[in-house]
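Structure first, commentary second.
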Amino acid sequence: MTLRAALPFERPSLPARPSLAELRANAVAGMVAGIIALPLSIALAVAVGVPPIAGLYTAVFAGAAAAIFGGSRYNITGPTAALVPLLSHVVLVHGPGALPMVALLAGIILVAMGVFRFGRLVRYMPGTVIVGFTAGIALSIAFGQLNAFLGVTGTNPSLEHFHERTLDTFGHLSTVGLTTPAVGLASLAILIAWPRFERRIPPALVAVVAVTAVTWALGIDTATVASKYGDLPREFPRPSFGFFDAALIPDLIQPAIAVAILGGVESLLSAVVADGMAGQRIRHDPDRELRGQGIANIVVPFFGGIPATAAIARTAASIRAGATSRLAGVFHSVTVLTLTLALGPLAGHIPMATLAAVLLITAWKIAEVPEVTRLIRRAPREDVLVLVATILITLFLDLTYAIGFGVLASTILLVRRLVNVPAAAAMLPDASGRIAQVSDELSELIKSRPDIDFFTAQGLLSFHSAASFEYQLQGDAHRPLILRMKDVHHIDTTGLLTLEGIIEHRKQHGGRIILTAIQPEVRPVLERFGIIDLLGPENVFEHTKCAIASIDHPDQPHPEHEQGAHRLARAG
């Protein structure tokens, strides 16, 4: 997953009358995305623990709703691997009937996030956290497919935690035969080898069609979609409110929040990647995208679907196939619906081992093993600890805890690094004899006044830097101090209180403190807090040279010096 800096966006809009060429291009792109989505939607639904038709209906109805109402012109929405661990946990605890309720609640939360403009917050999600929980999700998916891939039987389906399920699988390896692993390995071989010869036809579709045809024709004894879930229906689904159960809401709020957060992050990352691939000036609207994803998740439970989010791989495939607008997402949904109604009975013959192979490849892709390896080898040690801890918490505890821990740990590390940056620095000559922060003229003037302490404040004067700021300005309180504020663009309450204490301390000891070059956005804050009144207008200057002129030289006292300095300050 390549993360790009978010650029200013213009609100995307759909032309009232798209041209025939645009319709053709987006129809082709949508069909490509739909063909890719068909086997993945079946596989992801099976991985969650619901019938395959639920995944297909999710791609159809959530995909269309998100394309119409979302803030990205390119996102393709449907069931995704990122949500599998969360949704499978809900199925394990509350049963598959709870997923529509989770989708409804997550949709409402996503709409609220869009209304309150949470869309831009994804920019502040640490990259190590995103890579960490994505890798953890991939590992969870991969190990979760071992039973179907190998044909393991006799395992305990009620086990909840990753390590328990994995140990249970390895404890039943004696039940593995030859047929199912052979089907899985054949599927895996096609998935790996096919892109080397042909990139236009999706390898997942080739593997599903080829292996299904061979196992069906030869009568190979292996578990299939129909043997586990029955045949897929061929009629258009009727909307139903029968899924609603108010009694489940208290138990499902927490997983719904987790689904909303992860779905929002995944969709917005997909939109950022899509903007970068498309290379157009019009960028996605993050808040509208959240609302669109929310509407999609509100709509889909009425048609028997499960929670959905934008899929980066399907979105990228659509763009590469020529997508130019949200019409591609609509055509993607129409394609999945058409194939479902036409080929539904045939889908029942798909081997479960083949679907497991598709998900193993999907897990490998989203895990970004080369990127994780590079980060572990080259990133700062603290970031590596956050990355590894996020992966382990995702696997052994919960994705919500992993995201919370990752963000909190990254914030603490950031504050720790900021604390090590001096909040104020003395303006002293370097090895070349000049003061680097100022012009040559001011540098010479400062060096000519050794009787004055010169400091420049830098960065943010905040809770993280207040102690360092106060420490740096400790010294002879009887000497005049000029504090240059040019590089300060924000000061919080802790910084204001610290500055107030420094001023009062200097005053008590007969010293003088002068502030110069205060930034326009900082001055009103100082005035409102009373710092300017505490200093007095005679101790606030726009230019440092005027502040110097206001202080009598100890060797050459001049009674009218201060008045001249005030005239110079007014002139400057």
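The values are calculated or read from the model by the stated rules, or taken from the named source; none is laboratory data. Computed from a predicted structure; not experimentally measured. Here the Cβ is made from the backbone with ideal geometry for all residues, glycine too, and neighbour counts use every protein chain on show.
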Can we say ARG314 is under 21 Å from GLY264 (Cα atoms), charged (D, E, K, R) and touching a strand residue (DSSP E or B) at 6+ places or on another chain (Cβ under 9 Å)? yes
In the range 88-137, the residues that are aliphatic (A, V, I, L, M), more than 24 Å from ALA296 (Cβ to Cβ) and crowded, with 20+ Cβ neighbours inside 10 Å: VAL129, VAL131, ALA135
Unmet criterion (only one of (1) part of a loop (DSSP other than H, G, I, E, B); (2) surrounded by 19 or more Cβ atoms within 10 Å (Cβ to Cβ)) for LEU483: (1)
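Matching residues to (1) closer than 19 Å to ILE532 by Cβ; (2) in a strand (DSSP E or B); (3) small (Gly, Ala, Ser):
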| residue | (1), (2), (3) |
| --- | --- |
| LEU408 | no, no, no |
| LEU414 | no, no, no |
| ARG417 | no, no, no |
| ALA436 | no, no, yes |
| GLU441 | no, no, no |
| ILE446 | no, no, no |
| GLY459 | no, yes, yes |
| ASP476 | no, no, no |
| VAL488 | yes, yes, no |
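Residues checked against (1) surrounded by fewer than 17 Cβ atoms within 10 Å (Cβ to Cβ); (2) of a type outside the set (Gly, Ala, Ser); (3) over 29 Å from ARG416 (Cβ atoms):
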position: ALA457; (1), (2), (3): no, no, no
position: SER468; (1), (2), (3): no, no, no
position: ASP476; (1), (2), (3): yes, yes, yes
position: LEU497; (1), (2), (3): yes, yes, no
For ILE403, the lone unmet condition from (1) closer than 28 Å to GLY511 by Cα; (2) surrounded by 16 or more Cβ atoms within 10 Å (Cβ to Cβ); (3) at pLDDT below 80 is (1)
Of all residues in the range 502-513, which are surrounded by 13 or more Cβ atoms within 10 Å (Cβ to Cβ), of a type outside the set (A, V, I, L, M, F, W, C) and part of a helix (DSSP H, G or I)? HIS505, ARG506, LYS507
Only one of THR155, THR215, THR169, THR175 is assigned by TED's automatic domain parsing to the domain that holds THR394 and in contact with a strand residue (DSSP E or B) (Cβ under 7 Å, 6 or more places away or on another chain). Can you tell me which? THR215
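If you go through the range 222-253, how many residues are modelled with pLDDT of 85 or more and either outside the structural domain of ILE361 (by TED's automatic domain parsing) or surrounded by fewer than 13 Cβ atoms within 10 Å (Cβ to Cβ) (or both)?
Filtering the range 222-253 for residues modelled with pLDDT of 85 or more gives 222-224, 238-253.
Next, from what is left, pick out any that are either outside the structural domain of ILE361 (by TED's automatic domain parsing) or surrounded by fewer than 13 Cβ atoms within 10 Å (Cβ to Cβ) (or both): 238-242, 246-247, 250.
The total comes to 8.
Yes/no per residue for (1) closer than 20 Å to PRO520 by Cα; (2) at pLDDT 85 or above; (3) among the charged types (D, E, K, R); (4) touching a helix residue (DSSP H, G or I) at 6+ places or on another chain (Cβ under 9 Å):
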site: LEU460; (1), (2), (3), (4): yes, no, no, yes
site: PHE463; (1), (2), (3), (4): no, no, no, yes
site: ALA467; (1), (2), (3), (4): no, no, no, yes
site: ALA477; (1), (2), (3), (4): no, no, no, yes
site: ARG484; (1), (2), (3), (4): yes, yes, yes, yes
site: GLY495; (1), (2), (3), (4): yes, no, no, yes
site: LEU499; (1), (2), (3), (4): yes, yes, no, yes
So how many residues does the range 193-204 have that are closer than 16 Å to LEU355 by Cβ and either assigned to a helix (DSSP H, G or I) or at pLDDT 90 or above (or both)? 2
Test set (1) crowded, with 24+ Cβ neighbours inside 10 Å; (2) under 26 Å from PRO286 (Cα atoms); (3) in contact with a helix residue (DSSP H, G or I) (Cβ under 6 Å, 6 or more places away or on another chain) - ALA43 fails condition number: (2)
If we scan the range 290-304, do we find a residue that is in contact (Cβ under 8 Å) with a residue 40 or more places away in the chain, crowded, with 23+ Cβ neighbours inside 10 Å and part of a loop (DSSP other than H, G, I, E, B)? yes
Looking at the range 175-188 only, could you name the residues that are without any contact (Cβ under 8 Å) to a residue 40 or more places away in the chain and closer than 15 Å to THR212 by Cβ? ALA182, ALA186
Just a yes or no: is a residue in the range 159-174 of a type in the set (S, T, N, Q), at pLDDT 85 or above and more than 30 Å from LEU395 (Cα to Cα)? no
Out of curiosity, is ILE361 assigned by TED's automatic domain parsing to the domain that holds VAL91 and either part of a loop (DSSP other than H, G, I, E, B) or over 25 Å from PRO195 (Cα atoms) (or both)? no
Going by the conditions given, is VAL152 part of a helix (DSSP H, G or I), without any contact (Cβ under 8 Å) to a residue 40 or more places away in the chain and surrounded by 16 or more Cβ atoms within 10 Å (Cβ to Cβ)? no
Here are the criteria: (1) among the small types (Gly, Ala, Ser); (2) part of a helix (DSSP H, G or I); (3) surrounded by fewer than 13 Cβ atoms within 10 Å (Cβ to Cβ). Tell me which single one ALA207 does not satisfy. (3)
Please go through (1) more than 23 Å from the chain's Cα centre (by Cα); (2) buried (at least 24 other Cβ atoms within 10 Å of the Cβ); (3) more than 23 Å from LEU327 (Cβ to Cβ) for PHE61 and return the number of the only condition it doesn't satisfy. (3)
For a quick check of your reading of the model, give me the residue pairs whose first member lies in the range 226-251 and is in contact (Cβ under 8 Å) with a residue 40 or more places away in the chain, whose second is exposed (fewer than 13 other Cβ atoms within 10 Å of the Cβ), with beta-carbon atoms closer than 8 Å and at least 6 apart or on different chains. ASP231/PRO345; LEU232/PRO345; ARG234/PRO345
If you check THR390 against the conditions, is it farther than 14 Å from MET125 by Cβ, in contact (Cβ under 8 Å) with a residue 12 or more places away in the chain and under 23 Å from the mean Cα position of the chain (by Cα)? no
PRO307: without any contact (Cβ under 8 Å) to a residue 40 or more places away in the chain, closer than 14 Å to VAL102 by Cα, assigned by TED's automatic domain parsing to the domain that holds HIS89 and not small (Gly, Ala, Ser), yes or no? no
Candidates GLY63, GLY71, filtered to the one that is farther than 27 Å from LEU397 by Cα, part of a loop (DSSP other than H, G, I, E, B) and not basic (Lys, Arg): GLY71
